[in-house]
Amino acid sequence: MSVNSISKRYDKMIYNKLGKSGLKVPAISLGLYRNFGEQDDFSTAKEMIKKSFDLGITHFDLANNYGDPAGSAELNFGTILKDELASYRDELLISTKAGYDMWQGPYGEWGSRKHMLSSLEQSLKRLQLDYVDIYYSHRYDPDTPLEETVAALDTAVKQGKALYVGVSNYPLNVTSEAIQLFKKYNTPFVVHQPNYSMFLRDAEYKLFDVLAQGGVGAIVFQPLYQGLLTTKYVQGIPKYSRVAKGVDSISADSVTKERIEKVLELKKIAENREQTVAQLALAWTLRNDVVSSALIGASRVEQIVENVKALDNLNFSTEELKKIDRILS
Ligand SMILES: NC(=O)c1ccc[n+]([C@@H]2O[C@H](COP(=O)([O-])OP(=O)(O)OC[C@H]3O[C@@H](n4cnc5c(N)ncnc54)[C@H](OP(=O)(O)O)[C@@H]3O)[C@@H](O)[C@H]2O)c1
């Protein structure tokens, strides 16, 4: 399957502005956290990226440490980009991040200027790119002055190695402070990437308001709670699933009776909307205007196709929202 050069990829996808910036992101973005590393099937990874792009997913999200081993998702994505999508660079929005443990010694993680700028150099080499579109601080570093991390991101932009910057997993009060600091530097700080789904709603408590007031958008990660917000675990743990692989922060213990009951209740609402549970869960994360994109992961092409169809029904009645709140409470 080659990328469709006279594609209708832009006909159906919805593109939302990130906060008050001019940058538009697809309502569904693809993340390469899992299933794109050296240990994974390269041809499946390639097909997922090409199919995503053909469906209008222009945004691919990476980090220095994605893949197993860390860095291999960037390496694989760089190869796929070069071989299949090189002529589409200006149609693509590629992000990477730094902050989690990446190499040995005192400069291999967190938010120092040294880590942030060295890691970006390494990422660009692995990605075979001159610049990324969004460069993130992956987590707040309480032992580095916030201004140092902010200034490092600003430098990345001034060096032409990033067009925009963002933060991820930053607590509420630090986010407010960061918004002010980025304003001082006039840095194009456009996005916060929080964990947000029907099963993890913390971002609704003030963070979304702070972002809206600051003119910053949200790209929310793990909107399917790593697959638990689908029906795949209703009959037990399938062999091919992330839980079965045991590679992540979810395990068999996460597949609780309570969560499965909630999924079955949500399924009734989804069916009335002619959606699957995954599609309902994705549409639901996009109901708040501050959320510009739901950042999904996938292990197979069919999941991406199913998930993008969430966009066929993004409207919720007040009654539906109340019912969902009752189920989730
Ligand atoms: N900033 C951060 O700290 C941070 C942290 C984590 C993730 N992220 C970003 O968010 C992205 C998404 O993370 P994620 O992959 O953990 O989240 P997710 O989208 O909640 O979960 C994706 C997983 O759910 C399953 N799935 C997806 N669609 C499905 C469908 N239609 N039916 C059944 N199962 C389906 C697949 O798992 P199976 O393997 O079971 O098929 C897939 O790998 C990452 O790639 C990364 O870019 C960011």
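Observations on the model:
- Extension gain, T231 back to E204 (0.36 nm per residue minus Cα-Cα distance, nm): 7.2 nm
- Dipole of the chain [Lys/Arg +1, Asp/Glu -1 at C-beta], most positive-end residue of Q275, S123, T285: Q275
- When you count the other C-beta atoms within 10 angstrom of each residue and take the mean per peptide, 135-141, 318-324, 290-296 line up highest first as 290-296, 135-141, 318-324.
- Spread over its residues, the convex hull of the C-alpha atoms of the stretch 1-127 is 112 Å³ per residue.
- Each of the peptides 105-114, 58-67 was scored by the mean count of other Cβ atoms within 10 Å over its residues; in descending order, highest first, they stand as 58-67, 105-114.
- Against the chain, whose longest principal axis is taken from its Cα atoms, helix 318-328 shows a tilt of about 80°.
- Relative to the compact-globule estimate of 2.2 N^0.38 Å, the Cα radius of gyration of the stretch 185-256 comes out at 1.44.
- Förster radius 30 Å - calculated FRET efficiency between E91 and D143, Cβ distance, rounded to 0.05: 0.15
- Among the trypsin sites (Lys or Arg not before Pro) in the stretch 15-63, those placed in a DSSP loop whose Cβ has at most 13 other Cβ atoms within 10 Å are K20.
- Computed about the Cα centre, the dipole magnitude for the chain is approximately 460 debye when only Lys and Arg (+1) and Asp and Glu (-1) carry charge, each at its Cβ.
- Over the chain - Rg/Rh using Cα atoms and the Kirkwood inverse-distance radius: 0.95
- Amide H to amide H distances under 5 Å link I134 with I94, S95, T96, L163, Y164, where only residues 5 or more positions off or on other chains count and H is placed in the peptide plane.
- Lys/Arg +1, Asp/Glu -1 at C-beta; the stretch 147-207 dipole; positive extreme among G166, P188, T149: P188
- Loop-located trypsin sites (Lys or Arg not before Pro) in the stretch 205-254 (DSSP state other than H, G, I, E, B) with a sparse environment of at most 10 neighbouring Cβ atoms within 10 Å: K239.
- K158-E84 pseudo-label distance in nm [points 7 Å out on the Cα-to-Cβ vector]: 3.9
- Cβ crowding within 10 Å averaged over residues, with 163-169, 266-272 ranked highest first: 163-169, 266-272
- Rounded to the nearest 20 debye, the dipole size of the stretch 140-192 about its Cα centre is 300 debye, using +1 on the Cβ of Lys and Arg and -1 on the Cβ of Asp and Glu.
- Spin-label pair Q104/K183, simplified geometry with 7 Å Cα→Cβ offset, distance in nm: 4.5
- With a simple spin-label model that places each label point 7 Å from the Cα along the Cα-to-Cβ direction, the separation between E38 and E274 comes to 4.7 nm.
- Sorted by Cβ neighbour density within 10 Å, fewest at the top, the residues F316, F182: F316, F182
Where a number appears in this text, it was derived from the coordinates with a stated rule and is not lab data. Remember, predicted model here, so these are calculated numbers, not experimental data. Counting neighbours? That spans all protein chains shown, and the Cβs are built from the backbone with ideal geometry, glycine included.
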